[in-house]
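First comes the structure, then the notes that go with it.
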Amino acid sequence: MSGQPKIALRGVSKVFDVRGEGEPFTAIHGVDLDVREGEFLTLVGPSGCGKSTLLDLIAGLTTATAGEILLDGAPITGPGLDRGIVFQQYALFPWRTALANIEFGLEAKGVPRRERAEAARRYLDLVGLNGFGGRYPHELSGGMRQRVAIARSLAFDPDVLLMDEPFAALDAQTRESLQEELLRIWEQTNKTIVFITHGIDEAVYLGRRVAVMTSRPGRVKEIVTVDFASREGDLRAGPRFGEYRHHIWTLLRDEVAAAQADERKVVGSHG
Ligand SMILES: Nc1ncnc2c1ncn2[C@@H]1O[C@H](COP(=O)(O)OP(=O)(O)OP(=O)(O)O)[C@@H](O)[C@H]1O
Ligand SMILES: [Mg+2]
């Protein structure tokens, strides 16, 4: 690794005040994480451990309660055109057609109308939605909406892509083909990608490092470097893939067990 990290989190915590609850709620606590320029980092962790919270912080949609988050060495102060985000729940503009949704980021960047339309069609094709460009979000299925959101963020071509379980709602074939496309785009463009997933296989297949988070309050428990001698053939079926999968599975199982023990304690103290 050379130079400064693309994204750096130093002792980042996020505490929420929850309506009707006396105690403030610590979602993540003391997160340290470096994401290198051009790296594909996947992030896994138990449900509710603070993954989406972490992504929102990097996106600049919320601010940290403690610690700092740097982008190219400078503190993040809000959202920016340098970062594209695909949310866990499809966030499309309901009043715009699929194509017009994809064009949105290009308008913000001042891309001329013709180029915009061409790019939008290309990315609509890429996510397998040829023929659905004129539909409004409510006229699309959940998985289709998510694909429009993915196309929108790719067309927008940001330096940093922040993706929150983008493929979770898709069928296996569509998911695999979008995984391939994303890897291809990543290899060609040197984007920095932070990708949250519940799928251990997906984390190992896509990530060059996999950050495993603890249960709430989330911290980074371990970062697993994924390195295959060759990616030819059926990577997922190889022994090496199995070893990574098992290692991450074990880390996560321990975290889920810890979270459940914690819950029992809380329930016990109230009961
Ligand atoms: N705006 C908010 N106000 C209060 N609590 C919040 C808020 N946003 C998130 N939380 C809490 O913070 C914790 C972490 O939430 P977050 O959405 O980051 O988890 P996650 O790891 O993305 O989970 P999942 O895998 O289920 O998507 C949860 O317990 C959640 O209830
Ligand atoms: Mg989440």
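The values are calculated or read from the model by the stated rules, or taken from the named source; none is laboratory data. As the structure is a computational prediction, the values presented were derived from the model and not from experiment. Positions of Cβ are generated from backbone atoms using ideal geometry, with glycine treated the same way; all protein chains shown enter the neighbour counts.
Mind checking whether some residue in region 199-206 is farther than 30 Å from P112 by Cβ, in a strand (DSSP E or B) and hydrophobic (A, V, I, L, M, F, W, C)? For region 199-206, residues farther than 30 Å from P112 by Cβ, in a strand (DSSP E or B) and hydrophobic (A, V, I, L, M, F, W, C): absent. Is it the case, given these coordinates, that Y205 is surrounded by 17 or more Cβ atoms within 10 Å (Cβ to Cβ), among the aromatic types (F, W, Y) and either touching an Asp or Glu at 6+ places or on another chain (Cβ under 8 Å) or farther than 30 Å from G142 by Cα (or both)? It is false that Y205 is surrounded by 17 or more Cβ atoms within 10 Å (Cβ to Cβ), among the aromatic types (F, W, Y) and either touching an Asp or Glu at 6+ places or on another chain (Cβ under 8 Å) or farther than 30 Å from G142 by Cα (or both). If you filter region 174-217 down to residues that are at pLDDT below 90 and among the hydroxyl-bearing types (S, T, Y), you find that the one that is nearest to ligand 2 (Cβ to nearest atom) is T174. When E23 is tested against (1) within 12 Å of ligand 1 (Cβ to nearest atom); (2) part of a strand (DSSP E or B), just one condition goes unmet, and that condition is (2). Please indicate, with yes or no, whether at least one residue in region 65-74 is assigned to a helix (DSSP H, G or I), modelled with pLDDT of 95 or more and away from ligand 2 (no atom under 12 Å from the Cβ). No, there is no match, as no residue in region 65-74 is assigned to a helix (DSSP H, G or I), modelled with pLDDT of 95 or more and away from ligand 2 (no atom under 12 Å from the Cβ). State yes or no: is R96 more than 22 Å from the chain's Cα centre (by Cα), on the phi < 0 side of the Ramachandran plot and either in contact (Cβ under 8 Å) with a residue 60 or more places away in the chain or surrounded by fewer than 21 Cβ atoms within 10 Å (Cβ to Cβ) (or both)? In short, yes. Checking each residue in region 26-44 for being within 11 Å of ligand 1 (Cβ to nearest atom), among the hydrophobic types (A, V, I, L, M, F, W, C) and out of contact with any Lys or Arg (no Cβ under 6 Å at 6 or more places or on another chain) picks out only V44. Within region 209-235, the residues that satisfy the criterion of being touching a helix residue (DSSP H, G or I) at 6+ places or on another chain (Cβ under 8 Å), more than 18 Å from A64 (Cα to Cα) and part of a strand (DSSP E or B) are V210, V212, K221, E222, V224.
Considering (1) under 23 Å from L33 (Cβ atoms); (2) out of contact with any Gly (no Cβ under 7 Å at 6 or more places or on another chain), the lone condition that R219 does not fulfil carries the number (2). Given the condition part of a strand (DSSP E or B), surrounded by 12 or more Cβ atoms within 10 Å (Cβ to Cβ) and in contact with an Asp or Glu (Cβ under 6 Å, 6 or more places away or on another chain), answer yes or no: does some residue in region 35-50 qualify? Within region 35-50 (the criterion being part of a strand (DSSP E or B), surrounded by 12 or more Cβ atoms within 10 Å (Cβ to Cβ) and in contact with an Asp or Glu (Cβ under 6 Å, 6 or more places away or on another chain)), the answer is no, since none of the residues qualifies.
Criterion first (surrounded by 20 or more Cβ atoms within 10 Å (Cβ to Cβ) and under 25 Å from S13 (Cα atoms)) does I200 satisfy it? Spelling it out, it is not the case that I200 is surrounded by 20 or more Cβ atoms within 10 Å (Cβ to Cβ) and under 25 Å from S13 (Cα atoms).
On inspection, L124 fails the criterion of being within 20 Å of the chain's Cα centre (by Cα), aliphatic (A, V, I, L, M) and in a helix (DSSP H, G or I).
Taking the criterion of being away from ligand 1 (no atom under 16 Å from the Cβ) and crowded, with 21+ Cβ neighbours inside 10 Å, the residues of region 150-169 that qualify are I150, A151, R152, S153, L154, A155, F156, V160, L161. Q88 falls short on exactly one of the conditions (1) part of a loop (DSSP other than H, G, I, E, B); (2) more than 16 Å from ligand 1 (Cβ to nearest atom), and that condition is (2). On inspection, F25 qualifies as aromatic (F, W, Y), farther than 12 Å from M213 by Cβ and modelled with pLDDT under 95.
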